[in-house]
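Reading through the structure tokens given below for one structure.
The values are calculated or read from the model by the stated rules, or taken from the named source; none is laboratory data. Bear in mind the structure is a predicted one, so any value in this text is a computation, not a measurement. For neighbour counting, all protein chains shown are included, and Cβ atoms are generated from backbone atoms with ideal geometry for every residue, glycine included.
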Amino acid sequence: MRIATLANASVGHTQRWVSHFRSRGHDVEVWSLEEGPLDLGAHRLPVAPLPGFMRYPLAVPALRGALSVFRPDVVDAHYVPNYGLMGVLSGRSPLAVAAWGSDLLVAGRRDPLSRARVRFVLRRADLVLADAANLAAAARALGADPARLVTLPWGVDVHRFRAAPVREPGLLLSTRMHEPVYDLSVLIEGLAPLLAARPHLRVVFTGDGSQRAVLERLAAARLPADRHAFVGHVSADDMSGWLSRAEIYLSASLSDSTSVSLLEAMASGAVPVVSDIEGNREWVGEGEGARLFAPGDAAAVTRALERALDDPAWAEAARARNRGVILARGDAAANMARVEALYEGLARGERIDATHLSSHEAEGGPR
């Protein structure tokens, strides 16, 4: 297949997605307004000096010209209100649109214009992919045809993300970006009394973002200087190393569909201590592979961590349970093979009808 991927080239999800299809022998070209790594080879679209979403439709004439030369079998757009919109306006079909979470759960509900833009895209896509039940429900509410909507978690590389032979006691790890939606400040406040009382604990924050400087100042004021670290962006191999050694994985996200970070932790044996939100509850529950806390509640973070750290037998059982869940329905190779089959059907001119898929196919496999 010739696949035209429209997506933010700087994001790891785009890079993993494209790498999969290229590894399968498909001819994949990427168009993006954002700059990506050189090995991705993304075609940079013109960026108008205008705010926000206005930049995307203004890049469509250049995209149309490029696609008329490439002549894709499938247009593959990621993030509904911007690249999905470009996919529709390009006039090319078939069009597959992948929702990423905040595009429907947050941006799609922000204001009437945002909702109208999302509805315009969802109603015209030949295939809509959602990685979680709550995201699929949001897509249906915003106008997606249920017959063209497939719920399927992207999954993780189960060979890369696995437990190390030796786990590091007391290593707590956050891998979320430093943005307001991930509420890392509440983690820091919740960690403060525990690190003060338990000298063997240390916490590492990977990632980066607009809040990093603020978070570093807060951590410097609240946490022991020699037992916390901000290490910035790390490679996939380095991330798997951190997760394979960590005792606990931390996430205080206020909104998520299926969090790839959570799946990576589950595959690697880092016990999740995470916010009690719908996207997380599709994979773990309180006492079922994880300890949960109310979003935004620092004292609840402390209590959830205490429950996880003070019950090693439960933690070992949680690790085994979580690895099994990922192998059953979070294996990226198996799930991406299903996406590939859907794209091949579109390329052959077949109409997607999710109502005729088995429950396993339509809802992402066994739970």
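Tabulated data for the structure shown
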| read-out | value |
| --- | --- |
| So Arg140, is it surrounded by fewer than 17 Cβ atoms within 10 Å (Cβ to Cβ) and within 21 Å of the chain's Cα centre (by Cα) | yes |
| Boolean, Ala290 is without any contact (Cβ under 8 Å) to a residue 12 or more places away in the chain, under 26 Å from Arg160 (Cα atoms) and among the hydrophobic types (A, V, I, L, M, F, W, C) | no |
| Any chance Ala225 is without any contact (Cβ under 8 Å) to a residue 24 or more places away in the chain, surrounded by fewer than 21 Cβ atoms within 10 Å (Cβ to Cβ) and aliphatic (A, V, I, L, M) | yes |
| In region 130-173, the residues that are among the aliphatic types (A, V, I, L, M) and more than 30 Å from Leu113 (Cα to Cα) | Val156, Val158, Ala163, Ala164, Val166, Leu171, Leu172, Leu173 |
| Some residue of region 19-32 being free of Cβ contacts under 8 Å to residues at least 12 places away in the same chain and either buried (at least 23 other Cβ atoms within 10 Å of the Cβ) or aliphatic (A, V, I, L, M) (or both) | no |
| Complete set of residues in region 1-53 that are of a type in the set (S, T, N, Q) and either more than 21 Å from the chain's Cα centre (by Cα) or not in a strand (DSSP E or B) (or both) | Asn8, Ser10, Thr14, Gln15, Ser19, Ser23 |
| Count - residues of region 135-166 that are closer than 24 Å to Arg321 by Cβ and not aliphatic (A, V, I, L, M) | 10 |
| Boolean, Trp100 is assigned to a loop (DSSP other than H, G, I, E, B), aromatic (Phe, Trp, Tyr) and farther than 19 Å from Trp31 by Cβ | no |
| Selection from region 60-93 of residues that are under 21 Å from Asp145 (Cα atoms), touching a strand residue (DSSP E or B) at 6+ places or on another chain (Cβ under 6 Å) and not in a helix (DSSP H, G or I) | Val74, Val75, Asp76, Ala77, His78, Arg92 |
| Answer residue from region 168-193, given it is in contact (Cβ under 8 Å) with a residue 40 or more places away in the chain and in a loop (DSSP other than H, G, I, E, B) and is nearest to Glu306 (Cα to Cα) among those | Gly170 |
| Test for Val69: is it surrounded by fewer than 14 Cβ atoms within 10 Å (Cβ to Cβ), modelled with pLDDT of 95 or more and either more than 20 Å from Val121 (Cβ to Cβ) or not assigned by TED's automatic domain parsing to the domain that holds Asn335 (or both) | yes |
| Criterion (over 21 Å from Leu33 (Cβ atoms), of a type in the set (A, V, I, L, M, F, W, C) and buried (at least 17 other Cβ atoms within 10 Å of the Cβ)) met by exactly one of Val80, Val88, Val128, Val74 | Val128 |
| Test result for Val271, under 17 Å from Leu173 (Cβ atoms) and buried (at least 17 other Cβ atoms within 10 Å of the Cβ) | yes |
| Criterion (surrounded by fewer than 15 Cβ atoms within 10 Å (Cβ to Cβ), of a type in the set (D, E, K, R) and closer than 30 Å to Pro146 by Cα) met by exactly one of Glu278, Glu344, Glu316, Glu340 | Glu344 |
| Neighbours by Cβ (under 9 Å, 6+ apart or cross-chain): first from region 341-362, outside any loop (DSSP other than H, G, I, E, B); second among the β-branched types (Val, Ile, Thr) and at pLDDT below 85 | Ala362/Thr355 |
| Odd one out for Gly285 among (1) closer than 24 Å to Ser102 by Cβ; (2) outside the structural domain of Arg24 (by TED's automatic domain parsing); (3) modelled with pLDDT of 95 or more; (4) buried (at least 16 other Cβ atoms within 10 Å of the Cβ) | (4) |
